[in-house]
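The values are calculated or read from the model by the stated rules, or taken from the named source; none is laboratory data. Every value quoted in this text rests on a predicted model; they were computed, and no experiment measured them. Every residue, glycine among them, receives a Cβ derived from its backbone with ideal geometry; neighbour counts consider all protein chains shown. SASA here: full protein model, heavy atoms, side chains in, ligands and nucleic acids out. Shrake-Rupley method; radii C 1.70, N 1.55, O 1.52, S 1.80 Å.
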Amino acid sequence: MMTIKQWLPLLGMTLSAFIFNTSEFMPIGLLTDIANDFHMSESGAGSLITIYAYVVMAMSLPLMMIFSRCPLRPLLLGVIALFACCQVLSSIASGYYMLLAARIGVACTHSIFWSIAAPVAVRIVPPKYQSTAMGMVVTGTSIAMIFGLPFGRFIGLLAGWRSTFLCVAVISFIALAYLAIFLP
């Protein structure tokens, strides 16, 4: 049986998977608002999503290789901290290119996070519970796909698209503090 000491960091990893994937999907529901705010077409604002995907694809292997020798705990905490800071930058972006730069920062952290999420999760638990650990990370991803985008859109409708990025930043800082305490 897994101990509470193993479950607690695993829950933090699940929350982290949720916020990383929510951040990936939520701009889809905010494109109209972003386009209107920056006085551009929706297709122009949509390039945020395309460029994000290209950066994740292009940077995953190089960033993984660069950081492959780093200890996982400080790397994970650093990646989440940078991710949260980039979310704050997204929320205060004064123009499209500032938002794009912040989203590129998020994409780079996304690349690193997904290269270390599984190894971190499976190292937290005994070998016979590694599939449970992987399942928890996948659960965070699944919940993000089901609830993250609509929740992001809901916040965007209530308080504006910038508030959505700010909410993700706040949740990210909470996950960072939680994992700083509970991640072995």
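Only one of the listed residues (Ile28, Ile4, Ile34, Ile19) is among the β-branched types (Val, Ile, Thr), modelled with pLDDT under 95 and at negative phi. That residue is Ile28.
How about the range 151-184: which of its residues are open to solvent by less than 80 Å² (accessible area, probe 1.4 Å), at negative phi and not in a helix (DSSP H, G or I)? Of everything in the range 151-184, just one residue is open to solvent by less than 80 Å² (accessible area, probe 1.4 Å), at negative phi and not in a helix (DSSP H, G or I), namely Leu183.
With respect to Thr141, determine if the residue is open to solvent by 10 Å² or more (accessible area, probe 1.4 Å), touching a helix residue (DSSP H, G or I) at 6+ places or on another chain (Cβ under 7 Å) and part of a helix (DSSP H, G or I). Answer is yes for this residue.
Comparison of Met40, Met1, Met26, Met13 shows that the only residue that is open to solvent by less than 70 Å² (accessible area, probe 1.4 Å), outside any helix (DSSP H, G or I) and of a type outside the set (Asp, Glu) is Met40. Give the residue that is surrounded by the most Cβ atoms within 10 Å (Cβ to Cβ), with candidates limited to residues of the range 59-80 that are assigned to a helix (DSSP H, G or I) and free of Cβ contacts under 8 Å to residues at least 40 places away in the same chain. Within the range 59-80, the match that is surrounded by the most Cβ atoms within 10 Å (Cβ to Cβ) is Val79.
The rows are residues; the columns are (1) closer than 18 Å to Gly29 by Cα; (2) touching a Cys at 6+ places or on another chain (Cβ under 9 Å); (3) open to solvent by less than 10 Å² (accessible area, probe 1.4 Å).
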position	(1), (2), (3)
Ala84	no, no, yes
Ser90	yes, no, yes
Thr109	no, yes, yes
Leu149	yes, no, no
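Cβ-Cβ contacts under 6 Å between residues 6 or more apart (or on different chains), taken from a first residue in the range 162-184 that is over 21 Å from Val125 (Cβ atoms) and touching a residue at least 12 places away in the same chain (Cβ under 8 Å) to a second residue that is in a helix (DSSP H, G or I) and hydroxyl-bearing (Ser, Thr, Tyr), are listed as Arg162/Ser91; Phe165/Ser90; Phe165/Ser91; Leu166/Ser91; Val168/Ser23.
Val56 passes every criterion in (1) open to solvent by 50 Å² or more (accessible area, probe 1.4 Å); (2) touching an Asp or Glu at 6+ places or on another chain (Cβ under 9 Å) apart from (1).
Of the candidates Ile19, Ile51, the single residue that is open to solvent by 20 Å² or more (accessible area, probe 1.4 Å) and either within 20 Å of Phe147 (Cβ to Cβ) or not in a loop (DSSP other than H, G, I, E, B) (or both) is Ile51. If you check Val88, Val56 for being in contact (Cβ under 8 Å) with a residue 60 or more places away in the chain and either under 30 Å from Pro126 (Cβ atoms) or within 16 Å of the chain's Cα centre (by Cα) (or both), only one passes: Val88.
Just one of the listed residues (Ser94, Ser131) is open to solvent by 20 Å² or more (accessible area, probe 1.4 Å) and not in a helix (DSSP H, G or I), and it is Ser94.
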